[in-house]
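In what follows, a single structure is set out as structure tokens and then discussed.
The values are calculated or read from the model by the stated rules, or taken from the named source; none is laboratory data. Everything numeric here is computed off the predicted structure, so don't read it as measured data. Backbone-built Cβ (ideal geometry, glycine too); neighbour counts: all protein chains shown. What goes into the accessible areas is simple: the full protein's heavy atoms, side chains included, and nothing from ligands, DNA or RNA. Shrake-Rupley method; radii C 1.70, N 1.55, O 1.52, S 1.80 Å.
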Amino acid sequence: MATAATASAPGPVAAGRVVRQALHWQERLALALLVACCAALAFFLLGPLFMILVKSVQDKDGAFVGLLQFRDYLGTPALRQSIFNTLGVALVVTGITIPLAFTFAYALTRSAMPGKAVFRVVGLTPILAPSLLAAISFIQWFGNQGLLKPLLGGTPVYGALGIVISSIYATFPHALMIILTALLLADGRLYEAAESLGTRTLRRFFTITLPGAKYGLVSAAMVVFSYTVSDFGIPKVIGGNFNVLAVDIYKQVIGQQNFNKGAVVSLILLLPVLVAFVVDWRMQGRQHAQFSARAVPYVARRKPWFDGAMFVYCTLVALLLLAVLGMAVYTSFIKLWPYDKSFSLRHYTFGLVDGGVIVSFFNSLRMAFVTALLGTMFIFGCAYLLEKTRGMPGTRALIRLLASIPMGVPGMVLGLGYILFFNHPDNPFNVLYHTLTILVLATVVHYYTSSHLTAVTALKSLDGEFESVSASLKVPFYKTFHRVTVPVCLPAILDIGRYLFVNAMVTISAVVFLYSPDTQLAAVAILNLDEAGEIGPAAAMATLIVVASASVCVLYALVTRVLLTRTQGWRRPAPGN
Amino acid sequence: MAENARSSEGPYLRLTGIAKSFGRFQALHGIDLAIERGELVTFLGPSGCGKTTLLRIVAGLEAQDWGTIVQDGRDISRLPAIRRDYGIVFQSYALFPNLTIHANVAYGLVNRRKGRSEIERRVAELLKLVGLPDSGAKYPGQLSGGQQQRIALARALASAPGLLLLDEPLSALDALERLRLRGEIRALQQRLGVTTILVTHDQEEALSMADRIVVMNAGRIEQVGSPRAVYETPATPFAADFIGKINVLPGVAAGRDRVRVGGRALLLARNDLIEGSAVKLYLRPEDVVVHRDPATGQGAANTLAAQVAKVEFLGAFCVLGLAPEGTDFPALSANVPRHAVDAGGLEPGAHIAITLPPAALRILG
Ligand SMILES: Nc1ncnc2c1ncn2[C@@H]1O[C@H](COP(=O)(O)OP(=O)(O)O)[C@@H](O)[C@H]1O
Ligand SMILES: [Mg+2]
């Protein structure tokens, strides 16, 4: 071992001085990569947000005008109305979606009804589609020529009503996932104790279930609220004359080319979402403290009346969800709603292929694939450097902060920031403007937070001493990364890839400002088709997106299953479902 | 195992003035320690006293704020971990779960550009050394905790390091495995002659395995010595209390060689006390001499009447809880062999006499 003492051995410790360890080149490499990750995150997240702040206090010619534009904005009654509309709709949607999703999740975790796996999958299907699909579908059901229009008794679906029901559909799976997790995490032993003490069902519900799921419920409420406030596709398609902030930004930027006003509205939109984000953040901190690592999952016992009621409820909800998705698919396969309902592929062939719009679907596929591939590599790599290397605590704290911000930034705001930032003549990266690359960047940043948390959770579950052992064995960290860390974390890595892919397929708000004629995406194409009155092709495009997303999810499930079977020699049984 | 060439005289590892803070909290206060070649030294102390921190500083996994480390004549104070010479074993085993036992043990060898056959031979040799010659194809998850820790030991020894660091290697194991592995590790260490530091909070483990024990408390070294020395002549009250049980008798010096405790003057085997000063006497329970006949040595120095308050059965011996009679002498405990209790006369409530031998009464610190 005397060889290690050769060459550049660091000098002796100077008396009376704090010791600074010499860095091995591998440690330098790790720190350099860490700093690079931090810089990239800061550049592609803070740069755009900063530009919005700057633009909001400038006039069109770039002169500083302070808060003048805010005053202007708030002085316009129609625009001020948007704020109330936005918040009102979001509150109503939250108030309806949360109980619906909670009951559904409760049935899945606490009842012994049959068909739970099917209900779970159906409950999550809305995630596969762009939010626009819901709006289009509800127009088909309840619009001017809608099948069920009489049911509304004269109230037009275009406006607040349409936004609310479409948003409930779109947010349901997000709320369901969060509440399901909270209920699954709850400790079954509490219930067994309560049952053995003869605690009444209703009392058990209020003393154990609700408190246990409290943080999950709040978190779900905040996510639903933010989603509704931020979503642009639904109000654009079904909102009629009912103004909301997200559409206002769109109108200012695309309609009037007034980026400064757009920036002002963005900041106003950012406010409620930030509040929700902070509330959620603090709740999550507490939730982690609440669960013991050794919680035992609850096993439901048969209770015929309760199970029956839950089965009826879930069947009803599942049918409604399928009716929304089904209507869009159906619309894509018939000649002309409601006059000629004969089967036809013309919306696909004539509407999409011949019109050349189909290119946008392939753009989307390409964008989603690149996002999933590069995004997963960057996010997981960055999380690895963050969790498993040493040094530079300040940089680490900054990365943690940066990684948590995107969750609190609506897609419209991020998208606007991206144009302002990358369209700037002085930005050396402005060559990215109007490329597929910028769409990938915006999408990765937009969905960074959840992916990052998945990666960090997986990394934290590894033994914290793998890196120490590697160092003692003189093995470079990157070798252990690829021989041990990546294989062990593969399920989480695939999960991140799937999440990014599906979201890249359906996202619209972050990319609606960023595409060029050459890089138009499928979800944007739906918007444009709808604007042109081409409901059939729009529905066809939405269907294609659902098919692509669903295929990736199925692929993910298959690969994961094969992986777990092949590695069960060393992998302990997978936790959870 | 290749014999390490001696590159210098003197201790194999010398720590000088090692200090470390985490923020405002000072975890280590100027640690000085020398470890001889081939010895097994344990860091013993309560949880949180800085044992792991000190071990990690020796490994370079943590950087000390102050102080120097010299290993085998070479100043390694500022060397990064990857360039130091040691093998390490953690409480959690830290075996790579997705690699076979063979690949785990060979993990560091592969990187040293050794020939394939040489690696095969070395892995086989190591697996045999730790008593698991046929486990190469298995995965860590398929072995028991004790077996996994043996593999971790084999992995740490694979490249024949000059220094072996063990951080609570037995704490995650059940009692039986712990006992067995204790002996195995010690035998292996002595056979290979590898200089070893073992971190533990278990005094029995330290006493049974160590050549020397370093007793630590709150980031400081309280005492360094052989297991016997540390047990028989603890240097500080902390060391006395942490290792084994001990009776504490507070009193006042009543002369150069005697201390008044609860109205009784006790003779000591020293004569350097300053009359009137407050002192604490320490006495191991097994040093208390028990007489069944309460009349024994009436009036003799250091002998007093006592009543048995309770008898605690601990297997090989019993602990008597004793209440000295007549005076406000503090309660104390005495160890007696089990057969002595079986012979009768020591039941709770029994009146007996006890002698506190002057040579066993110590003043510490
Ligand atoms: N990375 C760290 N950051 C802050 N405090 C630490 C860190 N590592 C150890 N400590 C603190 O230093 C003290 C000594 O820790 P440690 O060396 O692990 O103790 P031991 O191994 O003796 O139980 C403890 O109080 C612990 O909380
Ligand atoms: Mg420790």
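Return the average number of partner chain Cβ atoms within 10 angstrom of each residue Cβ along peptide B:248-254.
0
What's the carbon and sulfur percent of the protein assembly as shown's accessible surface, probe 1.4 angstrom, rounded to a whole number?
Answer for the protein assembly as shown: carbon and sulfur cover 62 percent of the accessible area.
Along the charge dipole of the protein assembly as shown, Cβ charges K/R +1 and D/E -1, which of B:Gly60, B:Val41, A:Val445 sits furthest on the positive end?
A:Val445
Enumerate by residue number the trypsin sites (Lys or Arg not before Pro) in the stretch A:72-136 meeting two conditions: DSSP loop (anything except H, G, I, E, B), and at most 13 other Cβ atoms within 10 Å of the site's Cβ.
Filter output for the stretch A:72-136: empty list.
Assuming a viscosity of 0.692 mPa s and a temperature of 37 °C, what translational diffusion coefficient in µm² per second does Stokes-Einstein assign to the stretch A:41-172, Rh being the Kirkwood radius over Cα pairs?
175
Using packing as a proxy for protection, rank B:114-126, A:515-527 so that the peptide with the highest average count of other Cβ atoms within 10 Å comes first.
Sorting B:114-126, A:515-527 by mean packing, highest first, produces A:515-527, B:114-126.
Mind checking which lysines have their C-alpha under 30 Å from A:Lys341, skipping anything on the same chain fewer than 8 residues away?
Those lysines meeting the cut-off are A:Lys149, A:Lys236.
In what order, largest first, do A:Phe232, B:Phe313 sit by accessible area if the probe radius is 1.4 Å?
B:Phe313, A:Phe232
Just from its helices, what would the mean residue ellipticity at 222 nm be for the protein assembly as shown, if runs of 4 or more DSSP H residues each count -39500 (n - 2.57) and the sum is divided by every residue, rounded to the nearest 500 deg cm²/dmol?
Working: 33 runs with 465 residues, N = 942.
Mean residue ellipticity, 222 nm, calculated: -16000 deg cm²/dmol.
Of all DSSP beta bridges in the stretch B:13-242, what percent run antiparallel (nearest 5)?
Bridges in the stretch B:13-242 that DSSP calls antiparallel: roughly 55 percent.
Sticking to Cα atoms, compute the Rg of the stretch B:243-314 to one decimal and its Dmax as the biggest Cα-Cα distance, whole number, in Å.
Taking only Cα atoms of the stretch B:243-314, I get Rg and Dmax of 13.8, 40 Å.
So for the stretch B:62-180, what are the equivalent ellipsoid semi-axes in whole Å, largest first, each being the square root of 5 times an eigenvalue of the Cα gyration tensor?
26, 20, 12
Any idea what diffusion coefficient the stretch B:1-139 gets from Stokes-Einstein, in µm²/s, Kirkwood Rh on alpha carbon pairs, 10 °C, 1.306 mPa s? Write down the numbers at each step before the final one.
Numbers: Rh = 17.4 Å.
Diffusion coefficient, whole number: 91 µm²/s.
Please report the base-10 log of the normalised intensity I(q)/I(0) for the stretch B:225-365, using a Debye sum with one equal scatterer per alpha carbon and no solvent, at each q in 0.09, 0.18, 0.21 (1/Å).
So the normalised log intensities work out to -0.27, -1.05, -1.32.
Under 22 Å Cα-Cα from A:Lys60, which lysines qualify once same-chain neighbours fewer than 8 residues away are excluded?
Those lysines meeting the cut-off are A:Lys251, A:Lys261.
So what's the convex hull volume per residue for the Cα atoms of the stretch B:13-242, in Å³?
Convex hull of Cα atoms, per residue: 126 Å³.
Rounded to the nearest 0.05, what FRET efficiency do B:Ala350 and B:His29 have when you use their Cβ-Cβ distance and R0 = 45 Å? Mind showing how you got there, number by number?
Working: r = 49 Å, r/R0 = 1.08.
Working from the Cβ atoms, E equals 0.40.
With heavy atoms of protein chains only and a 1.4 Å probe, what residues of the stretch A:456-474 have at least 40 Å² less accessible area in the full set of chains than alone?
Buried by the other chains: A:Asp463, A:Glu465, A:Phe466, A:Ser468, A:Val469, A:Ala471, A:Ser472, A:Leu473, A:Lys474.
Taking the alpha-carbon set of the stretch B:190-306, what are its Rg and Dmax in Å?
For the stretch B:190-306, the Cα-based Rg and Dmax read 18.2, 57 Å.
Would you mind calculating the relative contact order of the stretch B:13-242 from Cα pairs under 8 angstrom and at least 6 residues apart, reporting the percent as a whole number?
28
May I ask you to rank A:Trp281, B:Trp66 by accessible area, largest first, using a 1.4 Å probe over the protein chains only?
A:Trp281, B:Trp66
Would you kindly find the accessible area of A:Tyr478, with a 1.4 Å probe and non-protein molecules such as ligands, DNA and RNA excluded, rounding to the nearest 10 Å²?
That residue has around 100 Å² of solvent-accessible surface.
Mind ranking B:128-137, A:157-166, A:121-130, A:480-489 by how tightly packed they are, going by the mean number of other C-beta atoms within 10 angstrom, highest first?
Numbers: B:128-137: 15.5, A:157-166: 23.3, A:121-130: 21.3, A:480-489: 19.3.
In decreasing order of mean packing, B:128-137, A:157-166, A:121-130, A:480-489 become A:157-166, A:121-130, A:480-489, B:128-137.
According to the Kirkwood expression over distinct Cα-Cα pairs, how big is the hydrodynamic radius of the stretch A:84-241, in Å?
For the stretch A:84-241, the Kirkwood estimate is 16.9 Å.
Which number gives the lysine pairs in the stretch B:13-242 that have C-alpha atoms under 30 Å apart and are eight or more places apart or on different chains? Don't jump to the answer; show the numbers that get you there.
Details: B:Lys20/B:Lys51; B:Lys114/B:Lys128; B:Lys114/B:Lys138; B:Lys128/B:Lys138.
For the stretch B:13-242, the number of qualifying lysine pairs is 4.
So which lysines can B:Lys310 reach, going by Cα to Cα under 22 Å and dropping same-chain residues fewer than 8 places off?
B:Lys245
Hey, could you pull the Cα Rg and Dmax for the protein assembly as shown, both in Å?
36.5, 121
Provide the per residue accessible area, probe 1.4 Å, for the stretch B:247-363, rounded to a whole number of square angstrom.
Here the residues of the stretch B:247-363 average 49 Å² of exposed surface.
Please work out how much accessible surface A:Ile508 shows to a 1.4 Å probe, ignoring ligands, DNA and RNA, in Å² rounded to 10.
Roll a 1.4 Å probe over it and A:Ile508 shows about 10 Å².
Quick one: work out the % antiparallel among DSSP beta bridges in the protein assembly as shown, nearest 5.
Bridges in the protein assembly as shown that DSSP calls antiparallel: roughly 75 percent.
Between A and B, buried accessible area summed over both sides at probe 1.4 Å, in Å² to the nearest 100?
Approximately 4000 Å², summed over both chains.
So what's the gap between the Cα centers of the stretch A:230-262 and the stretch A:403-455, to the nearest angstrom?
19
What is the gain in length, in nm to one decimal, between A:Thr201 and A:Phe70 on full extension, counting 0.36 nm per residue of separation less the C-alpha to C-alpha distance?
Value of the extension gain: 41.9 nm.
Any chance you could check the stretch A:475-512 for residues losing 20 Å² or more of accessible area when the partner protein chains are in, compared with the chain on its own (1.4 Å probe)?
SASA drop of 20 Å² or more in the stretch A:475-512: A:Val475, A:Lys479, A:Arg483, A:Val484, A:Val488.
So, with +1 on the Cβ of K and R and -1 on the Cβ of D and E, and no other charges, what is the size of the charge dipole of the protein assembly as shown about its Cα centre, to the nearest 20 debye?
Values: 83 positive and 60 negative charges, 164 e Å.
The calculated dipole for the protein assembly as shown is roughly 780 debye.
If you count, for every residue in B:58-70, the Cβ atoms of partner chains within 10 Å of its Cβ, what is the mean?
Taking all residues of B:58-70 together, the mean is 4.
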